[in-house]
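Visitor: My questions all concern the structure below.
Throughout, read-outs are computed from the coordinates displayed, never taken from laboratory work. Just so we're clear, the structure is a prediction, and the values are computed from it rather than from any experiment. So basically every Cβ, Gly included, is an ideal-geometry build from the backbone, and we count neighbours across all protein chains shown.
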Amino acid sequence: MARSPRRRARRVFRYWRSERRTLGQGFVALMVGASAAFVAGLTLGSITTTLQALPGLFILLPAAAGMQNTIFGAIGARLGTSTHAGLFEVTNERTGILRQNIFAGIVLTFTSSLYLAGLSRLAAAVFGLPSISFLQFVTISVVGALLGATFILFLTILVAVTAFRRGYDLDAVGTPLIIAAGDMSTIPCLYLATFLAKNDGLNAAVAGVAIALAIFALIRGITTDLPLARRAMAEMALIVLLTPLLDILAGTVIEARLARFVALPGLLVIIPPLISIAGDLGGVLSSRLTSKLHLGVVSPKVIPEGPALLDASLVGVSGLGIFLFIGAVGLFLSDLTNKAHPGPLAMIGGTVTTGLVVTLVAIPVAYYIAVITTRFGLDPDNHSVPIITSAMDLVGVVSFLAVLAVFGVTGHV
C-alpha cells in the first residue's frame, strides 16, 4: 500500500514530462494573459474619477468583460475541438467553420451588450445603488463591446490560424490569450465609450442606433441558414442570459464598496488579472476536457477518469507560480504609478491565497460543467468556458474580499 502513492506520483510526473510542450505553451499563455490583464487593472486604477462621476458603471464592467470572454472563449474552444477532430480549415468560405463562428460572435456581441445595459440598470435599482440612465448604459455597453470585439475577433482568428499551421495545442494556448484580449481591451474600450455618454444629445442618438443594430442582429441570427452558427447561438442563448448574473453580482459587490477601493486603487490593479487567470485555469481545463469528451478519450462520468485527473494536475501546477507573479507585478505597478495599496503582505500574500482558493474551485467546476453538458447532449464547447469564466469572476471577487479581511484589510474593503 505504501508504494501506491509513489506509483501515482510517478505517473503524474511522467504525464507532465510527456506534456511538457503543452505545459510550457499553456504557462507562457497564462503569463501573457496575466500581463495583458494588467492593462485593465491599470485602467481601473486610473479612472476612479470616472467611476465616481458615472455611478453604477462598475456594475457593468465585469459583466461586459465576462461576456466577451463568454462569446470568444467559446469560439476558441469550438475551434480547438474542430482542430483536434481534423475538421478545421483556413478558408474564407461562408459555410466554413471559421466564418460561421465569426458570424455567431458578431450577432452575440450586439445582442448581449444591449442585454447587459438593461441588466446593469436593473441591478442598480434592485440593490438601491445610484446609477446612470439606461440609455447611457446602452451607449457605453454597445459601443464599448463593439470596439473591444473588433480587437478580440481579429486576435481569435490570428491565434486559431497560427496554432493550426504551427501545430500548437489551441486548447492550451487559445483560451488564455482570448480571455486576456477580452480583459485587456474591454475596460479601456468601455472607458472610451463613456465620453459619448456624457453628452445628453449625442448619447441619445448613439443609444438609438445601438438599439436598432442590436435588434437587427437578433433577427439575422434567428433567420440565418448557417447550421453551425445556429446551433452555437441556440445553445449559448441560455448561457448569455444567465451567466451575466454572476458577473453583475461581482460588479455590484465592488460598486457597493467603490469608495473604499478608490482609496486603495492598487487593489483595482490586482482584480482584473486575478479573476482573469482564475477563469483561464478553469477554461484551459474545460477546453482540454471538451476535446477529450468529443474524441471519446474521457467519458462523462461522475468520478473523473485518469486522463481527466491528469489534465487537472496540469492546471494545478500551472497555477502555482502565476498568482505569485500577479501579486508581485501588481505591487510593482502600484508603486510605479503611485497608487495607494494596503502593503506587500496583502497584495502578494492575499493574491496567492486567493489563487489557491479559486484554483481548488475552478477544477471541479470545470470538470462537472463539461460532464453535465455532455450528458444532456449539448456541445460542451458552447457552455463550459462561458460558465467557468463567469463563475470564477464572482468566486474570485468574493474570495479576494474574504482573503483581504483575513489579512487585516477589513477596514478598507
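Visitor: Per DSSP H run of at least 4 residues, take -39500 (n - 2.57); add these up for the chain, divide by its residues and hand me the 222 nm value, nearest 500 deg cm²/dmol. List each step's numbers first, then the result.
Guide: Details: 14 runs with 338 residues, N = 413.
Value at 222 nm, helices only: -29000 deg cm²/dmol.
Visitor: Dipole size in debye (nearest 20) for the chain around its Cα centre, Lys and Arg Cβ +1, Asp and Glu Cβ -1?
Guide: Numbers: 27 positive and 18 negative charges, 259 e Å.
For the chain, the charge dipole is close to 1240 debye.
Visitor: Here's another thing I want to ask about it. Which longest uninterrupted range of the chain lacks any GluC sites (Glu not before Pro) assigned by DSSP to a loop state (not H, G, I, E or B) and surrounded by at most 15 other Cβ atoms within 10 Å?
Guide: Between the exposed loop sites, the longest stretch runs 94-304.
Visitor: A further question follows. Cα centroids of region 191-212 and region 309-378: how far apart, whole angstrom?
Guide: Distance between centres, Cα-based: 36 Å.
Visitor: Something else: Which helices count as membrane-span-like in the chain under these terms: full DSSP H, at least 27 Å along the axis by C-alpha, Kyte-Doolittle mean of 1.6 or more?
Guide: Passing helices, by number: 134-166, 200-223, 306-336, 384-406.
Visitor: Same structure, new question: Which residue fluctuates most in the GNM of the chain (Cα springs below 10 Å): Thr150, Thr70, Thr359?
Guide: Looking only at Thr150, Thr70, Thr359, the largest GNM fluctuation is found for Thr150.
Visitor: Could you tell me which residue out of Ala263, Ala117, Ser286 lies farthest along the dipole of the chain toward its positive end? Charges go on the beta carbon: Lys and Arg +1, Asp and Glu -1, centred on the Cα centre.
Guide: Ser286
Visitor: For labels at Thr162 and Ala256 in the simple 7 Å Cα→Cβ model, what's the distance in nm?
Guide: 4.2
Visitor: Given R₀ = 45 Å, what would the calculated FRET efficiency be for Ala402 paired with Thr223, taking r from the Cβ atoms and rounding to 0.05?
Guide: Here the calculated transfer efficiency is 0.45.
Visitor: Under 8 Å for C-alpha pairs, at least 6 residues apart: give me the relative contact order for the chain, rounded to a whole percent.
Guide: Dividing the mean separation by the residue count of the chain yields 26 percent.
Visitor: Could you state the principal axis extents of the C-alpha atoms in region 18-406, from the largest down, to the nearest angstrom?
Guide: Each principal axis gives a Cα extent; for region 18-406 these are 52, 51, 35 Å.
Visitor: A further question on this structure: Work out, step by step, the length gained on full extension between Asn338 and Thr95: first 0.36 nm times the residue separation, then minus their alpha carbon distance; give nm to one decimal.
Guide: 82.3 nm
Visitor: Can I ask one more? For region 274-374, run through the trypsin sites (Lys or Arg not before Pro) and keep only the ones in DSSP coil with at most 11 other Cβ atoms within 10 Å of their Cβ.
Guide: Values: sites: Arg288, Lys292, Lys301, Lys339; in loops: Lys301, Lys339.
The qualifying sites are Lys301.
Visitor: May I ask you to compute the full-extension gain from Ser299 to Arg375, defined as 0.36 nm times their residue separation minus their alpha-carbon distance, rounded to one decimal in nm?
Guide: Details: separation 76, 0.36 × 76 = 27.36 nm, distance 0.97 nm.
Extra length from Ser299 to Arg375 when fully extended: 26.4 nm.
Visitor: Give me log10 I(q)/I(0) at q = 0.09, 0.10, 0.12, 0.18 Å⁻¹ for region 123-253, Debye formula, one equal scatterer per alpha-carbon, no solvent.
Guide: Calculated log10 I(q)/I(0) at the listed q: -0.36, -0.44, -0.63, -1.28.
Visitor: Now for a different question. Towards the positive end of the charge dipole of region 18-406, with charges on Cβ (+1 Lys, Arg; -1 Asp, Glu), say which of Leu218, Gly396, Leu246 has the farthest Cα.
Guide: So the residue furthest toward the plus end is Leu218.
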